[in-house]
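A.B. asks: The structure that follows is given in the form of structure tokens.
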Amino acid sequence: MAARTGSRRWWTLAILPAMAVSACGGSRLSHDAIVTALNGGPASVGVAAQLQQSQAQSAVTDVPQSGAVSSAPGSGPAVGGVGGTRTGGAHALGGTSSASATPGAATVGAAAMAAGPLAPIVIGNVGNYSGPAGSSDDMAPVAIRVWGQWVNAHGGIAGHPVQVYTADDGGDPARSRSLIQDMVENKHVIAFVGNSTPLTADAGVPYLEQRHIPIVGGDLTTSQWTSSPVFFPGGTTFFSILEATLKAAHAAGATKVGVFYCVETPACETINRHVSETAARYGEQVVYTARISLTQPDFTAQCLGAQQAGAQAVWLGADSGSHERIASSCTRQNYHPLWLTSAQPATNQEAQNPALDGMVAATPVFPWMVPGGSPELDAYNQAMRQYAPDVALAGFTAIEWAAGELFRKAAAGVGTVPGSDAIFNGLWALRNETLGGLTPPLTYAAHQPAGQITCFFIAKISGGRWTAPNGAGDQCL
């Protein structure tokens, strides 16, 4: 377990609830595998296994207009005609469209032709995709690029192809700010879509507010989602996620709650505080709280404390790897509470741990494991199968897809020259928008921070897999 998670434990609020391969169910894809998948072919098992333990400290990638990935001279060997470069620690998947690009790399392919001849709509995505948060959200950039590929193959947005840049800030606030500025000033992104920055959200806020650049959907775990006018939550806001699990615990007959919350980020303290402040509203009583570290190998002391206090349910403010170690520690003490968390860090690997059977997670967007049943769900499932067939669906694949679809809805009236103002206007015009059932009802007020979004979806571990007890239907507090 320690070798698998290493320093890439996060917790994701448990939340953080925010995070891909771990967030995607425990399978990590290499650069070559991702490139191959994004161009319609399955990533080879050999390539995925070979690079499963490697990770770029800074990944800046894009989906060019053609849907192919170009390469600069001196790049590594092409995979299925696709090249890649690694320079100065950055893992670049082409899209440079510079004069020195490989001949033919900047030509417009079938996907771009389908999307139309207009200038591309350029969007960015920055996240804590390595470091302490990486174990829960590092497949988010794959999912948002899959969305971009799918959109381009189906006509783009208002005739414009979509170009997606992603970058890993490694949980470093200074790097996060630098990457955001570079994307705005040098890549000319008009919005960020699906950012997962539970550890670094503060870093870019002043710049983004000054430059009037929207952040559309993402991890939803930090205060900026309901305090900054440029943040647009694409699903249930985090306080509501916490309360949703309390409601679920009460429905299950577990009225005494414990809270295990991490010391690595103030966001975990927020979990403890808000659960304690709102438990009585749902007929719950907090009987035990404990601070934990995401690096702890064993949680016997906390398990015994919660057990002796009579906690029938325990809220886990930690990453998916810690979830497994906590549950295993408690099982050794014959303690089997109802585990509560949010869906952002959910992985298929944790679902296969018998000690976590019955865990309930509130999810801010549609349950990722629902196989279809509507055109919107069918598109998500088909796109992931087509462009990333080796990626296991998980909490963040759904979050990124919903963020992309929210952006697409907002950008429908973007006009001939894409700009941020059109995105803001599109978002402000939405009223009780659910994107065909992918999200709870979304409404935003012009120039105002978003309010709490109080409807949610439920996921549950049952029989070694995540399930959707209520299907794709949401409910409200």
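A.B. asks: Among the numbered conditions (1) among the aliphatic types (A, V, I, L, M); (2) in a strand (DSSP E or B); (3) in contact with a Phe, Trp or Tyr (Cβ under 9 Å, 6 or more places away or on another chain); (4) closer than 21 Å to Ala327 by Cβ, tell me where Ile241 comes up short.
C.D. replies: Every condition holds for Ile241 apart from (2).
A.B. asks: Would you check if Phe396 is within 17 Å of Ile215 (Cα to Cα), crowded, with 20+ Cβ neighbours inside 10 Å and at pLDDT below 95? Show your work before the answer.
C.D. replies: Details: within 17 Å of Ile215 (Cα to Cα): yes; crowded, with 20+ Cβ neighbours inside 10 Å: yes; at pLDDT below 95: yes.
Yes; evaluated as a whole, the condition is true for this residue.
A.B. asks: Something else now. Can you give me the ranges of the helices (runs of 4 or more DSSP H) entirely in the range 286-393 with at least 2 residues that are under 24 Å from Ser130 (Cα atoms)?
C.D. replies: In the range 286-393, 320-332, 348-351, 375-387 are the helices (runs of 4 or more DSSP H) which contain 2 or more residues that are under 24 Å from Ser130 (Cα atoms).
A.B. asks: Of the residues Phe231, Phe260, which is crowded, with 24+ Cβ neighbours inside 10 Å, in the same structural domain as Glu433 (by TED's automatic domain parsing) and touching a strand residue (DSSP E or B) at 6+ places or on another chain (Cβ under 9 Å)? Before the answer, list the steps.
C.D. replies: Values: Phe260 fails: in the same structural domain as Glu433 (by TED's automatic domain parsing).
Selected residue: Phe231, the only one of Phe231, Phe260 that is crowded, with 24+ Cβ neighbours inside 10 Å, in the same structural domain as Glu433 (by TED's automatic domain parsing) and touching a strand residue (DSSP E or B) at 6+ places or on another chain (Cβ under 9 Å).
A.B. asks: Same structure, new question: Gly358 passes all but one of (1) closer than 22 Å to Thr439 by Cα; (2) of a type in the set (Gly, Ala, Ser); (3) surrounded by fewer than 21 Cβ atoms within 10 Å (Cβ to Cβ); which number fails?
C.D. replies: All conditions are met except number (1).
A.B. asks: Being in a helix (DSSP H, G or I) and not aliphatic (A, V, I, L, M) is the filter; apply it to the range 244-256 and report the residue that is surrounded by the fewest Cβ atoms within 10 Å (Cβ to Cβ).
C.D. replies: Only one residue tops the list, namely His250.
A.B. asks: Separate question: What's the total number of residues in the range 191-207 that are surrounded by fewer than 24 Cβ atoms within 10 Å (Cβ to Cβ) and of a type outside the set (Asp, Glu)?
C.D. replies: Looking only at that region, the number is 4.
A.B. asks: Hey, can you tell me all the residues within the range 454-476 that are in contact with a Ser or Thr (Cβ under 8 Å, 6 or more places away or on another chain) and part of a strand (DSSP E or B)?
C.D. replies: If the condition is that a residue be in contact with a Ser or Thr (Cβ under 8 Å, 6 or more places away or on another chain) and part of a strand (DSSP E or B), then Cys455, Phe456, Phe457, Ile458, Ala459, Lys460, Ile461, Cys476 are the ones that fit.
A.B. asks: Could you list all residues from the range 380-393 that are crowded, with 24+ Cβ neighbours inside 10 Å and either modelled with pLDDT of 95 or more or of a type in the set (Val, Ile, Thr) (or both)?
C.D. replies: We begin by selecting, within the range 380-393, every residue crowded, with 24+ Cβ neighbours inside 10 Å; these are 380, 384, 387-388, 391, 393.
Listed by number, the residues that qualify are Tyr380, Met384, Tyr387, Ala388, Val391.
A.B. asks: Go through the range 317-329 and count every residue that is crowded, with 24+ Cβ neighbours inside 10 Å and either more than 14 Å from Cys262 (Cα to Cα) or charged (D, E, K, R) (or both).
C.D. replies: 2
A.B. asks: If we only count helices (runs of 4 or more DSSP H) wholly inside the range 92-155, which ones have 2 or more residues that are at pLDDT 90 or above?
C.D. replies: Qualifying helices (runs of 4 or more DSSP H): 140-153.
A.B. asks: Within the set of pairs 6 or more residues apart or between chains, which connect a residue that is assigned to a loop (DSSP other than H, G, I, E, B) inside the range 222-236 to a residue that is among the charged types (D, E, K, R) and surrounded by fewer than 18 Cβ atoms within 10 Å (Cβ to Cβ) with Cβ atoms less than 7 Å apart?
C.D. replies: Ser228/Glu209; Val230/Glu209
A.B. asks: Something else now. Return a yes/no flag: does the range 414-421 have any residue that is at pLDDT 95 or above and either under 29 Å from Ala248 (Cβ atoms) or in a helix (DSSP H, G or I) (or both).
C.D. replies: yes
The values are calculated or read from the model by the stated rules, or taken from the named source; none is laboratory data. Every value quoted in this text rests on a predicted model; they were computed, and no experiment measured them. Glycine gets a Cβ as well: all are built from the backbone with ideal geometry, and neighbour counts include every protein chain shown.
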